[in-house]
Amino acid sequence: MTDSPTLTPTGVLPHRVLAVAAMATHVAFTLVAVLGGYLAWFVPWVLWLHLPALAWGLAGQVRDLPCPLTTLENSARVRGGWSRLSETGFIDHYYTGVLYPQAWKPWMPFVVLGIVLVSWIGLLFRF
């Protein structure tokens, strides 16, 4: 029978679930890093999540640090039968060309920094 759907090999589902979980965690991490200052206006303890996330994000911009979530997702994707993320990583794979045009890529770290600084100025006025 040629019309039957092809089944994926046994054992790939847990890896695919892990890959999606790593991607969702990465999205949550980037949201906390970029927008956590605004959330801290209403839920002040979030600042204790925002600051380390922001520090890691900034360190990743300044230095070429391997991201553990990207490594985990790539490993799970390969074991689950999917292709790896693009060589330039999570942000380029999921955000560049989706949330903002490719031409804006050189400016996005400065845009993100501006967004964070505005949230911090708002925090100063809240406290």
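The values are calculated or read from the model by the stated rules, or taken from the named source; none is laboratory data. Please read these numbers as outputs of a predicted model, since none were measured by experiment. Don't worry about glycine lacking a Cβ; one is built from the backbone with ideal geometry, like all the others, and counts go over all protein chains shown. Surface accessibility is based on the protein's heavy atoms, side chains included, excluding ligands, DNA and RNA. Shrake-Rupley method; radii C 1.70, N 1.55, O 1.52, S 1.80 Å.
Taking the condition open to solvent by less than 50 Å² (accessible area, probe 1.4 Å) and basic (Lys, Arg), does residue 77 pass?
Working: open to solvent by less than 50 Å² (accessible area, probe 1.4 Å): yes; basic (Lys, Arg): yes.
Here the answer is yes, as residue 77 does meet what is asked.
Taking the condition open to solvent by less than 90 Å² (accessible area, probe 1.4 Å), of a type in the set (Val, Ile, Thr) and within 29 Å of residue 124 (Cβ to Cβ), does residue 32 pass? Lay out the reasoning, then the answer.
Details: open to solvent by less than 90 Å² (accessible area, probe 1.4 Å): yes; of a type in the set (Val, Ile, Thr): yes; within 29 Å of residue 124 (Cβ to Cβ): yes.
For residue 32, the condition - open to solvent by less than 90 Å² (accessible area, probe 1.4 Å), of a type in the set (Val, Ile, Thr) and within 29 Å of residue 124 (Cβ to Cβ) - is met.
Kindly indicate which of 52, 14, 66 is open to solvent by 40 Å² or more (accessible area, probe 1.4 Å), of a type outside the set (A, V, I, L, M, F, W, C) and at pLDDT below 95.
Every option except 66 fails the conditions.
All conditions but one from (1) closer than 18 Å to residue 90 by Cβ; (2) open to solvent by less than 40 Å² (accessible area, probe 1.4 Å); (3) of a type outside the set (Lys, Arg) apply to residue 46; the one that does not is (1).
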